[in-house]
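Since every read-out is calculated from the coordinates, none of them should be taken as a lab result. Bear in mind that the values here come from a model prediction, so they are computed numbers and not experimental data. Backbone-built Cβ (ideal geometry, glycine too); neighbour counts: all protein chains shown.
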Amino acid sequence: MKILYDDAFLTVAIKPVGISSQASEDHRDMLTLLRAEYEKQGEHATPYVLHRLDTAVSGVMVYAKTASSAAFLSREIAEGRLQKDYYAVVSGDAEAVLGASEGELHDLMFKDSRKNKSFTVDRMRKGVKKASLSYRVVDTFTREGEVRSLISIRLITGRTHQIRVQFSSRRLPLVGDGKYGSRVKGALQLFSCGIAFTHPDTKQRMQFSVALPEGWCDGQKE
């Protein structure tokens with residue numbers, strides 16, 4: 001875990017792969033890591049979970065350190081003011097499949113809580129929510145005998161497994177995402193590279209972004 005920013009109200013950190021973003025029975029989670037870091041600094045703060053990343057995904061996250069900060073940032077999320085950016089690698093030529101090098105994807109999504117899996121559906125009904133994101137194809141390249149695309153993504157809504165589902169439903173599964181159709185073994189190629197929000201105390205707009213880890217994607221361009 002790497003801390004990018006920390007004050008009395010919140011912490012911005014990079015969650016590693018294999019670590020849960022919320023409390024877990026085996027204590028391999030961000031809350032345990034953050035509490036240990038706070039204790040090193042002589043603090044006794046309690047981190048509040050505001051949003052989630054899948055355990056298999058790494059990247060930037062923000063945690064509140066007070067109840068009032070958690071309430072403020074939760075409103076930021078509910079009202080769409082907390083911005084989250086990602087990189088993903090998909091199997092296929094994304095520009096050819098989507099018909100444009102950049103644009104927006106809009107779907108209706110349903111989450112099956114029993115299976116912990118989400119699906120796109122064709123009509124609104126109970127449990128169905130709108131899902132939207134914007135994308136830009138950064139690079140298209142060949143790896144392990146298949147065409148792949150590196151895509152920059154900004155979430156407009158925040159649904160469970162949204163990026164994974166919206167691309168897999170267009171026959172562009174994320175590399176390593178066996179749950180949603182990838183035939184490639186290995187790590188899930190999704191990385192949370194940026195976050196922006198309003199500070200709960202100063203009300204200043206804060207923005208954090210990090211580069212892709214070295215070697216994360218052979219198609220990465222400078």
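Data for the structure
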item: Where GluC sites (Glu not before Pro) fall in DSSP loop in region 84-159, at most 12 other Cβ within 10 Å; result: E144
item: Net charge contributed by nearby residues that have their C-beta within less than 15 Å of D29 (K/R +1, D/E -1); result: 0
item: Whole-Hz couplings from phi, Karplus 6.51/-1.76/1.60, listed for region 130-136; x for Gly and Pro; result: 6, 10, 9, 8, 10, 9, 9
item: Count of Lys pairs (Cα-Cα under 18 Å; at least 8 positions apart or interchain) in region 78-139; result: 9
item: Highest average packing first - 198-205, 14-21, Cβ atoms within 10 Å; result: 14-21, 198-205
item: Relative contact order %, region 139-208, counting alpha carbon pairs below 8 Å whose residues are six or more apart; result: 14
item: Anchor K185: aspartates and glutamates whose Cα lies under 15 Å away (excluding residues fewer than 8 positions away in-chain); result: E144, E146, D177
item: Tensor-based shape of the chain (alpha-carbon gyration tensor, a/c under 1.5 rounded, otherwise prolate or oblate); result: prolate
item: Relative contact order (percent, whole number), the chain, Cα cutoff 8 Å, 6+ residue spacing; result: 20
item: 17 Å Cα-Cα reach of K15 towards aspartates and glutamates, excluding residues that sit fewer than 8 places from it in its own chain; result: D6, D26, D29, E37, D54, D85, E214
item: Using alpha-carbon coordinates, inclination of helix 67-78 to the longest axis of the chain, degrees; result: 20
